[in-house]
Protein chains: 2
Amino acid sequence: MKVLKSINNNVVSCLDENGQEVIAMGRGLGFALRSGDELDETKVEKLFRMQTPDEARRLTDLFSTLPSQQIELCSRIVDRATQDLGRRLCPSVYLTLTDHICFAIERLRQGTVFQNTLLAEVRTFYPREYALGKYGLELLWQELGIRFPDDEAANIALHLVNAEYENSIQDTLRITQTLHDVLTSLAGWPRLNLDQESGFYDEFTVHLKFLVFRAFSGQKQTQKDPRFVEAVRQCYPEEFHCAQQIVEGLGSRSGTRLPPEEEAYLAASLHRTCRKV
Amino acid sequence: MKVLKSINNNVVSCLDENGQEVIAMGRGLGFALRSGDELDETKVEKLFRMQTPDEARRLTDLFSTLPSQQIELCSRIVDRATQDLGRRLCPSVYLTLTDHICFAIERLRQGTVFQNTLLAEVRTFYPREYALGKYGLELLWQELGIRFPDDEAANIALHLVNAEYENSIQDTLRITQTLHDVLTSLAGWPRLNLDQESGFYDEFTVHLKFLVFRAFSGQKQTQKDPRFVEAVRQCYPEEFHCAQQIVEGLGSRSGTRLPPEEEAYLAASLHRTCRKV
């Protein structure tokens, strides 16, 4: 690969065989290199291949200004996440997560810590990503001596969720906020007693997560089961009414109105999870 | 704490304030100690408190015969699991996991590797525990230079599942084998096309996992919704028949017959997930 620019001793921007910019990382990789030189590929420890030239430029900017130890640490979090989650992560996560963590470190040093008001939801709905966030905090503590509160594990988790579902961070925040709001509204729903101690509660939260993701995914659904819908409406009128309101609320937030079959299924799920009074 | 017995330089068995045996670990902790001496608690890095004297004795036996590096590594896996899973693990997991891993290392050295025929199911149904198993493999590789196949990550995961649900390894294996068999039987079910590409498939597998756990938990359920059951039976006769057979099979394996409401709910879940032909 031909060198485009040596960013620093350990980071080099270069052109791959297809003429696309890639960012290469490796100890001493960039030392004494000039534009046009051939890259010593045996020294490359990690290659970052972004999806657009703009992302490549932003990653180069980031890597040229941030401490290499922090960059390397963030890339270990992403690599571990790719392995543990068992799915492809959108490559721009290297960019967004590194950016996020390095600025969080900066803010922490200045004494500013932001609470994550969605911490509880992140823990409930994205347990695997949250575990990876905790792994990140451990690395930050062990390798950089920086101690973050659990809120930061939730922030890292949200960045990983984005990368899994190729959402923007805005979408992921909206989805998670929506989950939070739905649970709050269910907790206060008259005549239903959503029972957190129920043997069905964990399953219910998983169902809710999938439901909200479907609403925000915008995919058209083609279920047509008017008989099932009508049957559930008659069996569980209270739960059905509640489910309708929730699905309606999801529709106005996400722009996608889920079909009545989703309302019926949610009503049945609610019925199992509510304590009968 | 009074020393009962110094197992080796790093492991000491002692009596706590309630007269119960605990096993203490720490570098140099056991050096030149005799029975009846006072333990230097500032040197203790980790305390293992088992639930029965028999477990304490077995842990002492294990620690006196196995390499301390392996013991310490297993204890790190358990500590990480406790943190990541966010729930209490049955303390005997220190015993069972250490025993398992040390003998797996022994077998590997002798050239024997066992396949885990449930690898795919463990990955699907216990993704968080599997991720912890992979973390274990990474530690084994980095710290002991021992490379295990992914089957071993699944073995570690199964030990963690036991510790979460306080099952015996036999129960966990039976549950996981049952999940495997149910999925296989569904895949071959005439006139249903369980669709792995369906947007509902992941949710379906979660539902199935909770269902099978409920069957094996033996808890009595008090749902009574004959109208809902009858409605689903009429809407989805094919799925209902299939769900009945599955719940019946679960009953004969677990000894607990789940109520018809579970059949109805499973039938509705199946209906969403099957491709219409």
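Quick note: the coordinates plus some simple rules give every number you see, no bench work behind them. Because the structure is predicted, anything quoted here is derived from the model rather than measured. Note: ideal-geometry Cβ built from the backbone for every residue, glycine included; neighbour counts use all protein chains shown.
Each of B:T124, A:I101, A:Y130 was placed along the dipole of the protein assembly as shown (beta-carbon charges, centred on the mean Cα), and the one lying farthest toward the positive end is B:T124. Which loop-located trypsin sites (Lys or Arg not before Pro) does the stretch A:133-196 contain, where loop means any DSSP state but H, G, I, E or B and the Cβ has at most 14 other Cβ atoms within 10 Å? Passing both the DSSP loop test and the Cβ count: A:R147, A:R191. Around the Cα centre of chain B, unit charges on the Cβ atoms of Lys, Arg, Asp and Glu (plus for the first two, minus for the last two) sum to a dipole of about 260 debye. Shown here is the pair-distance distribution of the stretch B:1-120: with all Cα-Cα distances grouped in 10 Å bins from zero up to the longest one, the shares run 13, 41, 32, 11, 3, 0 percent. When the alpha carbon coordinates of the stretch B:68-166 are projected onto the principal axes, the ranges are 35, 31, 21 Å, largest first. For the stretch B:141-190 versus the stretch A:103-138, the spacing of their alpha-carbon centroids is 30 Å. The Rg/Rh ratio of the stretch B:196-277, with both radii computed over alpha carbons and Rh defined as the Kirkwood radius, is 0.96. The C-alpha atoms of chain A define a longest principal axis, and helix A:53-65 lies at about 70 degrees to it. Loop-located GluC sites (Glu not before Pro) in the stretch B:1-89 (DSSP state other than H, G, I, E, B) with a sparse environment of at most 15 neighbouring Cβ atoms within 10 Å: B:E17, B:E45. The rotation axis that maps chain B onto chain A passes nearest to the beta carbon of this chain B residue, listed with its distance in whole angstrom: B:A231, 2. Between 0 and 90 degrees, the angle of helix A:150-165 with respect to the longest Cα principal axis of chain A falls at about 90 degrees. Averaging 1/r across all pairs of distinct Cα atoms in the protein assembly as shown and inverting the result yields a Kirkwood radius of 26.6 Å. Highest GNM mean-square fluctuation among A:K209, A:K46, A:K224, for chain A modelled with Cα contacts below 10 Å: A:K224. Going by neighbour counts of Cβ atoms within 10 Å, the residues A:T42, A:T96 line up, fewest first, as A:T42, A:T96.
Largest GNM mean-square fluctuation across A:A264, A:A153, A:A163, computed for chain A with C-alpha springs under 10 Å, falls on A:A264.
For the stretch B:174-273, the residue among B:L211, B:S254, B:Y236 whose Cα projects farthest onto the positive side of the dipole built from Cβ charges is B:S254. Relative to the dominant Cα principal axis of chain B, helix B:201-217 is inclined by about 70°. Taken residue by residue and averaged, Cβ atoms of other chains lying within 10 Å of the Cβ of A:261-267 number 2. Between the stretch A:2-43 and the stretch A:209-277, what's the alpha-carbon centroid distance in Å? Centre-to-centre (Cα) distance: 53 Å. Counts of other chain beta carbons within 10 angstrom of each beta carbon in peptide B:47-58 average 0. Among the lysines of the stretch B:119-277, pairs that are 8 or more positions apart or on different chains and have alpha carbons within less than 27 Å of each other number 4.
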